[in-house]
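J.: Take a look at the following structure, please.
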Amino acid sequence: MMNTILLILITAGILMLLIRVLLTKRSKAGDADENRYDLDSIQQFIRLALQELISTQLNDGNLSEEEYNRRNARRHELRKALRSCMHGDTSAKKYVKAYMKDLLEKAYGLHDQNIGGVIPFDKPDRLTAQDQFEIMLQHYQKRHKYDAFNELMARYKLDELKTFSDGSKGYKITADEIRSMYEAENLTLTLSDKLDVIVQRVYQSYKGLGVIDELRDQNIDGVNGGTSGLPPDVAQSLDVAGYTDGLGEVPKAHDAVWIFYKGKSVHLSFLSFGSDLELKRVCQNIYTFGSPGQLNESNGYMVNDMADGSRVVVVRPKMSESWAFFVRKFDIRKAELEELIRDENAELAIGMLKYLVKGARVTGVTGQQGTGKTTILMAIVKHIYPTLNLRIQEMAFELRLRKIYPDRNILSFRETPTVSGQDGLDTQKKTDGSVNILGEVATHPIASWMIQMAQVASLFTLFTHHAKTFPNLIYALRNSLLATGVFTNEKIAEKQVVDVITFNVHLVKDERGRRYIERITECVPVDDTSEYPREYKRVSDMSTKLDAFMDTMTEYFQRSTDRKTFEYNNVIEWRDGKYVTAAKLSDRNVKEMLLHMNAEDTAAFQDFLRAHWGDAS
């Protein structure tokens, strides 16, 4: 009897164990099926599938030599695209996304009936603002390609200045605006459209640049992230201290996505990187084109370019309070003076810029960041005589003049960790260059060498600088000569600068992002070569002689101390929304400019002066 009861208990235990195992397996199968349409699961599938494609042995199977070579070439192309797609190489990005789309459609089995489990395309109320924005951007890209974002901005006037609840003003695109736009669009999406959106979402978190991946490729002035909101350490300390209790969701650094659009900084408040780890991942990948070096705590910043010529700057703690990046783009299609200068009487400013380079004038283009100095410089180069060789020195390749003028004799240099800007400029001197262009005069050594080079090593020089006024430009360059030890006497250093710099083109950006030339200024050196007064030699009376001698000494001390070495005149100014003439050009500059022009431009320049100043000088 006892054995029977024991046998029954053991049998019941085994049955219960089997039932539990079966239920557990069914539960796991259900969870796996539910997670199948999760973006993380799809990303993991894509990651494993691509790794398999690039690492599989081609010797498996009885392949012909032709088939083997074909598969090997495809694998090599995919491996190469996966390495470069995150660096701004749009062709590599398209190649990788095409592979991913094919995998999701054929291997993963996404189709009309189940694709809504990944992103609820047919239920707009369940879509996030990011979902809606990416769907609209993908839809507009089919027709407008890299101008898709510009079309959205223009259609819905998203770049208008807004007034916020606290009375401040700025540019911001909110989630509510995106939802209104999506509702107004009333889009009908095909399976291919939906797959494109999912592929982009998976790509940007796997190999791309997060939420700014598609934005970076658009024809905008730039994009940056990590530049607003609470830094991670500050946010954590405030949360621990309870300061953020009751304040709702406080923006963090990883919530910061900003674009630079037609001279305006616009906050895309509906986008977020989601976490500090994602922002860090983007920062660690975005600058790595060409293997420029390691970004670490001891080297807290990196300046580099991307595959399409965009400039990227990345900073990290402890140098900065949070991880952040800045991408600056330069639209070479707009590198025409007629495109850049379009206000009333624009032909006056355009004509003067053309004749400054035809007349071989050393010209500094100044203005704050974002005013278009580099773009203006690109456009001016077109009007330099093609017979002149151009040599460019930059911190990072920005001008990309050989893309715009491939038939010109142009060579650009940049700084590297082992080659300084000074070394680059030294090398330029030995490369038969006629015109030297400095992308930015930002350090004392570069400014000092620029002055010396403009005196003896080139026909003329063009450069950009951040000076606010013309005297500030002169004094900043003078101080650079003193700081590098080239001169020790302030007046002599200033005189050297004044003798070199002939014109200054100053750019301005107003509150609404409009850019224009505020002034074109001519530098007029003061002639101090006249003899000192010598009246004391021509009088015999001792008292009168002493008075005359004191006049001579007074003149000496004035020249040695506070006497001006230069004057400056605005020849063209921006007034009341249009360009107007101001002071006439000096005879010295007009004569020197005419010496460097061909016969056709000489006549045209004289007509230009007569038409606007009434005198060809």
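Each reported figure results from applying straightforward, stated rules to the coordinates on display, with no laboratory input. Computed from a predicted structure; not experimentally measured. Using ideal geometry, Cβ is built from the backbone for each residue, glycine included, and neighbour counts are taken over all protein chains shown.
J.: Do the sum for the chain: with -39,500 (n - 2.57) for every DSSP H run of n ≥ 4, divided by all residues, what is the mean residue ellipticity at 222 nm, to the nearest 500 deg cm²/dmol?
T.: -14500 deg cm²/dmol
J.: Still on this structure: Of K262/K373; K495/K584; K94/K157; K157/K207, which sit over 25 Å apart, Cα to Cα?
T.: Too far apart for the 25 Å limit: K94/K157; K157/K207.
J.: Mind listing the phi-derived Karplus ³J(HN,Hα) values for the range 136-148, rounded to whole Hz, using 6.51, -1.76 and 1.60 with θ = phi - 60°, and x for any glycine or proline?
T.: Ordered by residue, 3J(HN,Hα) equals 5, 5, 5, 5, 5, 5, 4, 9, 9, 6, 7, 9, 4 Hz.
J.: When the expected Rg is taken as 2.2 N^0.38 Å, what fraction or multiple of it is the alpha-carbon Rg of the range 287-349?
T.: 1.65
J.: Also: Of S228, G364, S91, which is farthest towards the positive pole of the chain's charge dipole, taken about the Cα centre with +1 and -1 on the beta-carbons of Lys, Arg and Asp, Glu respectively?
T.: Farthest towards the positive end: S91.
J.: Less than 17 Å apart at the alpha-carbon level, and either on another chain or at least 8 residues along: which lysines does that give for K318?
T.: Partners found: K280.
J.: Once you charge only the Cβ atoms, +1 for Lys and Arg and -1 for Asp and Glu, what is the size of the charge dipole of the chain about its Cα centre, to the nearest 20 debye?
T.: 1000 debye
J.: Quick query: amide H of L230 versus all other amide H atoms, modeled in the peptide plane; which residues come in under 5 Å with a sequence gap of 5 or more or a different chain?
T.: When sequence neighbours closer than 5 places are left aside, the close amide H contacts are K252, A253.
J.: Computed from the coordinates I sent, Rg/Rh (Cα atoms, Kirkwood Rh) equals one of (i) 1.05; (ii) 1.13; (iii) 0.96. Tell me the label.
T.: Derived directly from the coordinates: (ii).
J.: Relative to the Cα centre, what is the charge dipole magnitude of the range 36-143, using +1 at the beta carbon of each Lys and Arg, -1 at the beta carbon of each Asp and Glu, and rounding to the nearest 20 debye?
T.: 360 debye
J.: Rounded to the nearest 0.05, what FRET efficiency is calculated for T552 and N409 with R0 set to 56 Å and r the Cβ-Cβ distance?
T.: So the FRET efficiency works out to roughly 0.55.
J.: Output the antiparallel fraction of DSSP beta bridges having both residues in the chain, as a percent to the nearest 5.
T.: 65 percent
J.: Can you list residues whose amide H is under 5 Å from S269's amide H, if they're 5+ apart or on another chain and H is modeled 1.01 Å from N?
T.: I173
J.: Which whole-Hz ³J(HN,Hα) couplings does the range 266-281 yield from phi under the Karplus relation 6.51 cos²θ - 1.76 cosθ + 1.60, θ = phi - 60°, glycine and proline marked x?
T.: 10, 8, 8, 5, 7, 9, 8, 6, x, 7, 5, 5, 5, 4, 4, 4
J.: Convert each backbone phi in the range 340-348 into a coupling constant with the Karplus relation 6.51 cos²θ - 1.76 cosθ + 1.60 (shift: θ = phi - 60°), then list the ³J(HN,Hα) values in order as whole Hz, x for Gly and Pro.
T.: Along the range 340-348, the couplings run 7, 10, 10, 7, 4, 6, 4, 4, 5 Hz.
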